[in-house]
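The values are calculated or read from the model by the stated rules, or taken from the named source; none is laboratory data. Fair warning: this is a prediction, and the values are worked out from it, not measured in the lab. So basically every Cβ, Gly included, is an ideal-geometry build from the backbone, and we count neighbours across all protein chains shown.
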Amino acid sequence: MVSVLPTSGEIMNDVQNDGKITIRKNTIYGIAIAGFAILIVLYVLSPGFGNSAAVDSPQAGQPTAVEQPTTPVPSNTQNSGSNGIVSLMDDDMKKGSDSAPLVLVEFSDFECPFCGRFSSQTLPSIVNDYVDSGKLQIVYRDFPLSFHPTAQKAAEATECADDQGKGWEMHDMIYANQGQVGSTQSAAVSTFKSWAVDLSLDSAAFDSCLDSGKYESEVLSDASDGVAIGVRGTPAFRLGRRDGDQIVEISGAQPYEVFQANIEQLLQ
């Protein structure tokens, strides 16, 4: 891995700390001094998890992960060894042209406040400057965190809405109204059904889709794929050229400028 452009990467103990809910300490600081860089990696394993750094197996339920805070540290590039960014794409919601030279794959949780911050503060500018111009395609993949009781059903609701061509509308509705979803799964399901009506969806078809758990396995499959490539928190991004094998990792709800710098570098 080589240092490229700033991204975030601080993971702390399983406590609520300044709005950050985390399970493991893994703070990375890159400091440039006198022409050379010192990279310090500090791992502190949470005793509450038996000194294990592994996430829960998706087969046993939703993966245990963290919400990434936003302390900038160097991002990294890696050679995927398997068709680059294309290997991380699935049949998930996409925004932008299938012929766009760049692809940004996002792993997110609908209950994560940092994911909501990205959706409201950064995503619109990325769409305006790069998606609408045909330079970038965004692929949204689900990564519901185990300690978020409504995240799984929120992801399923978006998939059900996507069946009717309004997945992104449900995506935007949920992130814009995270505080209105409800604190339990049953309350959340009622909310999503109400929003389906607001979005002029076929409510009977949507309700049946959501109640049946039609997309439960699809959502968990996304999460499993994320775990397999090292995703440990949300939001997490992988960016690359469609015709290349280099992947840039960006972690956390970084400001637009971080995405812009990485995108511009790959467009050169």
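Identify all residues within the stretch 145-191 that are within 18 Å of G213 (Cα to Cα), among the hydroxyl-bearing types (S, T, Y) and touching a residue at least 24 places away in the same chain (Cβ under 8 Å); write none if there are none.
S146, T150, T158, T184
Residue by residue through the stretch 197-220, note down the ones that are in a helix (DSSP H, G or I) and under 16 Å from A155 (Cβ atoms).
Within the stretch 197-220, the subset in a helix (DSSP H, G or I) is 197-198, 203-212, 216-220.
Matches in the stretch 197-220: F206, C209, L210, D211, S212, E216, S217, E218, V219, L220.
Counting only residues that are in contact with a Pro (Cβ under 7 Å, 6 or more places away or on another chain) and over 13 Å from V86 (Cβ atoms), how many does the stretch 214-243 have?
5
Please enumerate the residues belonging to the stretch 233-268 that are out of contact with any strand residue (DSSP E or B) (no Cβ under 8 Å at 6 or more places or on another chain), part of a helix (DSSP H, G or I) and either among the polar types (S, T, N, Q) or in contact (Cβ under 8 Å) with a residue 40 or more places away in the chain (or both).
Hits for the stretch 233-268 are Y256, Q260.
Assess whether G230 counts as being in contact with a strand residue (DSSP E or B) (Cβ under 9 Å, 6 or more places away or on another chain), free of Cβ contacts under 8 Å to residues at least 60 places away in the same chain and surrounded by fewer than 16 Cβ atoms within 10 Å (Cβ to Cβ).
Numbers: in contact with a strand residue (DSSP E or B) (Cβ under 9 Å, 6 or more places away or on another chain): yes; free of Cβ contacts under 8 Å to residues at least 60 places away in the same chain: yes; surrounded by fewer than 16 Cβ atoms within 10 Å (Cβ to Cβ): yes.
When the stated conditions are applied, G230 passes them.
Return the residue satisfying two criteria in turn: it lies in the stretch 158-182 and is under 18 Å from S108 (Cβ atoms) and of a type in the set (S, T, N, Q), and of such residues it is surrounded by the fewest Cβ atoms within 10 Å (Cβ to Cβ).
N177
From the list Q246, Q185, pick out the single residue that is surrounded by fewer than 20 Cβ atoms within 10 Å (Cβ to Cβ), within 30 Å of V86 (Cβ to Cβ) and touching a helix residue (DSSP H, G or I) at 6+ places or on another chain (Cβ under 7 Å). Walk me through how you get there before you give the answer.
On the way: Q185 fails: within 30 Å of V86 (Cβ to Cβ).
From the options Q246, Q185, the qualifying one is Q246.
Each row is one residue, and each column tells you yes or no for (1) modelled with pLDDT under 95; (2) of a type in the set (S, T, Y); (3) farther than 20 Å from D162 by Cβ.
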{"site": "D202", "(1), (2), (3)": "no, no, no"}
{"site": "S208", "(1), (2), (3)": "no, yes, no"}
{"site": "D211", "(1), (2), (3)": "no, no, no"}
{"site": "E216", "(1), (2), (3)": "no, no, no"}
{"site": "S221", "(1), (2), (3)": "no, yes, no"}
{"site": "P235", "(1), (2), (3)": "no, no, no"}
{"site": "D243", "(1), (2), (3)": "yes, no, yes"}
{"site": "Q246", "(1), (2), (3)": "yes, no, yes"}
{"site": "A261", "(1), (2), (3)": "no, no, yes"}
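Filter the stretch 240-268 down to the residues that are hydrophobic (A, V, I, L, M, F, W, C) and in contact with a Ser or Thr (Cβ under 9 Å, 6 or more places away or on another chain) and list them by number. Spell out the reasoning first.
Quick first cut of the stretch 240-268, residues hydrophobic (A, V, I, L, M, F, W, C) only: 247-248, 250, 253, 258-259, 261, 263, 266-267.
Selection gives I247, V248, I250, A253, V258, F259.
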